[in-house]
Amino acid sequence: MIENLLLLWLAALPLMGSPGPATISLAASGSAFGIRPSLGYLGGIITGTIAVLLLVATGIATALLAHPIAGQILTAIAAIYILYLAWKIATAPIRSAHQPETTPEPTPEAKAPDFRGGVMLAIANPKAFAAIGAVYAAHTIATHSLWLDNALKITALALVIVLVNSLWLVFGAGFARLLSDPRFGRLINILFAVLLIASLAMALLSLP
C-alpha cells in the first residue's frame, strides 16, 4: 500500500504541479500582490480543485464533461476569467522590495483576486479535470477495498493540491521580493500575464 501511495504521488506531483491556468495565476498573483493578499485566492484555488477531485472520484465529472454544452460553458467561463485576471496582473501597481504587502485602502484594481475567483477558475479549469482524472484512474492504493482505495486517493491528492498550489504562490512572490526597479517589476507582471494567457491556450489546445 505504501509503495502504491508513493507511485501515486510521483505521478501526481509533476502532472498536477506543472504550469497551467491555476498554478500560473497563483504565481502571477504572488508576484503582483504578495503572499498575504493572495491567500484568499489560494484558498479558492485549493477548494475548487478539491471539488474537482471529488467530482472525478464520484464519476460526476465524467457525466458532466460528456455533455458538450457543459464542457463548452466551463471552458468559456475559464477563458473569460483568465483573460480578466491577466489584464489585472499586467496592470497591478508595482511594489518595491521593502513595501508592505497591504495598503490601508487598496483600489478595486489593486486588489488581489479573491476566494470566489479562485473557486471559479479551479472548477472551470480544463487542466484540473484532465490531470486529476488521469492520475485518479491510473492508480490503485488499496487493492482489497474500493471504499478505502477511493478515500486514500482523495486524501493523497488533496495533499498534493495544497502543496503544489502553495508552492506556486510562494514562487511568484519570490520575484516581487527581488524587484527594486519599477520598470522591471512591470515587465515581470506583464510576463506573468502573457504566461497565464499561454497556459490557457495550451489547455484549450489539449482538449479533445
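Using a 1.4 angstrom probe on heavy atoms only, work out the carbon and sulfur share of the accessible area of the stretch 6-51 in %.
That fraction is 80 percent.
Compute the distribution of all C-alpha to C-alpha distances in the stretch 1-71, in bins of 10 Å from 0, and list the percent of pairs in each, rounded to whole numbers.
The percentages, shortest bin first, are 17, 33, 35, 15, 0.
Quick one: work out Rg over Rh on the C-alpha atoms of the stretch 111-161, Rh as Kirkwood radius.
1.12
Just the accessible area per residue of the stretch 1-86, please: how many Å² with a 1.4 Å probe?
Accessible area per residue, the stretch 1-86: 44 Å².
Accessible area per residue of the stretch 117-204 at 1.4 Å probe, in Å²?
Using a 1.4 Å probe on heavy atoms only, each residue of the stretch 117-204 averages 48 Å².
The values are calculated or read from the model by the stated rules, or taken from the named source; none is laboratory data. None of these values were measured; they are calculated from a predicted model. Areas reflect the complete protein model, heavy atoms only, side chains present, ligands, DNA and RNA absent. Shrake-Rupley method; radii C 1.70, N 1.55, O 1.52, S 1.80 Å.
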